[in-house]
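*Asks:* This is the structure I want to talk about, given as structure tokens.
The values are calculated or read from the model by the stated rules, or taken from the named source; none is laboratory data. Predicted model only: the values in this text are computed from it and were never measured. When we count neighbours, we look across all protein chains shown, and the Cβ atoms used for this are built from the backbone with ideal geometry, even at glycine. Side chains are part of the model used for accessible areas, which takes the heavy atoms of the whole protein and leaves out ligands, DNA and RNA. Shrake-Rupley method; radii C 1.70, N 1.55, O 1.52, S 1.80 Å.
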Amino acid sequence: MSMTEETVRRALTAVSYPGMRRDIVALGLVREVRVRDDRVHVSLTLASPRPEVVDQLHDAIRQRLVAIGAVRVEVQVLMPEQATGTRAHPAADRGRIPNVRHVVAVGAGKGGVGKSTVAVNLALALQEMGLAVGLLDADIYGPSVPTLVGLEEGGRSIRMSDHRQILPLEAFGLAVVSFGFFLGPGSPVVWRGPMVGKAVKQFARGVVWPALDVLVVDLPPGTGDVPLALSEAVVVDGAIVVTTPQRLAVLEAGKAIEMFHKLGVPVLGLVENMSHVTCRCGRRSHPFGKGGGAELAARTATPLLAEVPFDEGAVGGGDAGRPILIDNPTGETAGVFRIVAGELHTALDAVAVPSPSRTTAAVP
């Protein structure tokens with residue numbers, strides 16, 4: 001059977017990024033594939049200039065394509081700034097947020113799965129790793145972040161710069177901005193789609209962030225106007241999708257994963273929240289279902305980063321404005337969030353934008 005671009009791309013789904021469980025196609029790193037007879041050219045857009053990463057990918061791609069009949073394989077590795085030509089990088093027409101190195105969206109297919117709790121504790125876990133982290137609450141319909149971080153009165157403290165840009169507030173060392181600061185308590189948003197899209201774009205670009213390694217964006221649940229507007233306005237380096245084991249939540253989370261794929265946003269992993277309850281005797285029960293996250297991860301080729309237990313302390317602490325990483329930093333749940341943060345940090349090395357570099361290698 002003759003090779004085509006489609007068969008080559010399908011073969012490359014078996015090539016994982018070094019140190020990760022995601023393949024280079026799913027991460028959006030394969031920029032271009034050209035096939036001529038039995039010769040294949042693969043162009044990657046890769047953030048890491050580390051020679052060992054390039055060498056490992058080079059060898060893995062060669063072995064995979066030789067196995068399907070390629071005689072000569074050429075692998076070209078470019079930084080995102082260098083990715084020009086007929087096939088534009090997915091983020092080519094989007095702007096980067098000033099002072100922000102990485103943008104990570106946290107989304108979910110349906111509400112009530114603990115998405116905002118995951119976003120807040122993930123941000124805190126990344127900060128524990130020594131990173132400068134910001135938190136943008138873009139859940140325009142139900143902003144929960146002010147409550148979760150103790151900034152319910154943030155609307156009274158928020159200030160604007162001389163250029164009419166928002167100055168973030170601070171909570172537990174995080175730079176925080178939320179739609180809730182401007183809506184007022186108990187004020188519902190009754191806006192049509194175009195109004196929402198315009199507000200999100202202005203919101204994303206209208207904040208004076210300090211120098212941040214990571215900006216975690218808490219999206220509203222579903223596949224509506226907000227994630228679309230955000231991805232059109234700024235470069236989103238990756239997404240985390242949150243679900244519970246419940247079948248309905250899993251079905252909707254699958255739609256969220258597909259949405260990010262269509263928007264050109266790499267899905268870096270899946271988090272199953274409320275996965276189990278651990279009693280004092282150490283036994284686990286599964287009142288919200290079992291195995292839904294693992295099933296979805298397998299079906300969509302998305303890494304299941306963690307199964308976060310249901311923790312009554314997390315519920316009470318969140319209501320009191322003290323996230324679990326602050327309220328019980330040595331507990332099981334806090335440890336799980338640190339695992340997710342570590343996985344995310346590794347993934348961002350693959351898809352983010354450091355200084356330009358270029359490596360080209362040809363394999364006879």
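*Asks:* Given contacts defined as C-alpha pairs under 8 Å and at least six residues apart, what's the relative contact order of the chain, whole-number percent?
*Replies:* Reported as a whole number, the value is 23 percent.
*Asks:* If you don't mind, there's one more thing I want to ask. With an 8 Å cut-off on Cα pairs and a minimum separation of 6 or more residues, tell me the relative contact order of segment 89-182 in percent.
*Replies:* Computed value for segment 89-182: 26 percent relative contact order.
*Asks:* In the structure displayed, which of Lys115/Lys255; Lys262/Lys290; Lys110/Lys201; Lys110/Lys262; Lys110/Lys255 lie more than 20 Å apart, Cα to Cα?
*Replies:* Lys262/Lys290; Lys110/Lys201
*Asks:* Gln56: net charge of surrounding residues, Cβ under 12 Å, Lys/Arg +1, Asp/Glu -1, itself excluded?
*Replies:* -1
*Asks:* Right, here's the next one. Before rounding to the nearest 500, sum -39500 (n - 2.57) across all DSSP H runs of length at least 4 in the chain and divide by the residue total; then give [θ] at 222 nm in deg cm²/dmol.
*Replies:* Value at 222 nm, helices only, nearest 500: -10500 deg cm²/dmol.
*Asks:* Sticking with this structure for a sec: When the accessible area of the chain is split by element with a 1.4 Å probe, what percent falls to carbon and sulfur?
*Replies:* 51
*Asks:* Hey, another quick one. What ranking of Asp237, Asp37, Asp319 comes out by heavy-atom accessible area, probe 1.4 Å, highest first?
*Replies:* Ranked list, largest accessible area first: Asp37, Asp319, Asp237.
*Asks:* Another question, then. Taking Rh as the Kirkwood radius computed over C-alpha pairs, what is the Stokes-Einstein D of the chain at 4 °C in a medium of viscosity 1.567 mPa s, expressed in µm² per second?
*Replies:* Value of D from the Cα-based Kirkwood radius: 61 µm²/s.
*Asks:* How many Å² of accessible area per residue for the chain, probe 1.4 Å?
*Replies:* Here the per-residue accessible area is 45 Å².
*Asks:* Follow-up question, since we're still on this one. In degrees from 0 to 90, rounded to the nearest 10, what is the angle of the helix 332-351 Cα long axis to the longest principal axis of the chain?
*Replies:* Here the helix axis deviates by roughly 40 degrees.
*Asks:* Quick check: net charge around Leu305, other residues with Cβ under 12 Å of its Cβ, Lys/Arg +1 and Asp/Glu -1?
*Replies:* After counting each charged neighbour, the total is 0.
*Asks:* Something else now. Report the residue, chosen from Ser16, Ser275, Ser285, that carries the largest GNM mean-square fluctuation when the chain is represented by alpha-carbon nodes joined by springs under 10 Å.
*Replies:* Residue with maximal mean-square fluctuation among Ser16, Ser275, Ser285: Ser285.
*Asks:* From the protein chains alone at 1.4 Å, what is the descending order of accessible area for Arg34, Arg72, largest first?
*Replies:* Listed by decreasing accessible area, they come as Arg34, Arg72.
*Asks:* Further question on the same structure: Let me check I've understood the local charge: for Glu74, count other residues with C-beta under 12 angstrom from its C-beta, Lys and Arg +1, Asp and Glu -1. What total comes out?
*Replies:* That works out to +4.
*Asks:* Can you tell which of Val177, Val242, Val25 shows the greatest fluctuation in a Gaussian network model of the chain with Cα springs below 10 Å?
*Replies:* Greatest mean-square fluctuation among the candidates belongs to Val25.
*Asks:* Turning to a different aspect of this structure: Starting from the Cα coordinates of segment 221-330, work out the convex hull volume and express it per residue in Å³.
*Replies:* 130
*Asks:* Which trypsin sites (Lys or Arg not before Pro) from segment 224-300 combine a DSSP loop assignment with at most 13 other Cβ atoms within 10 Å?
*Replies:* Here the sparse-neighbourhood loop sites are Arg280, Arg283.
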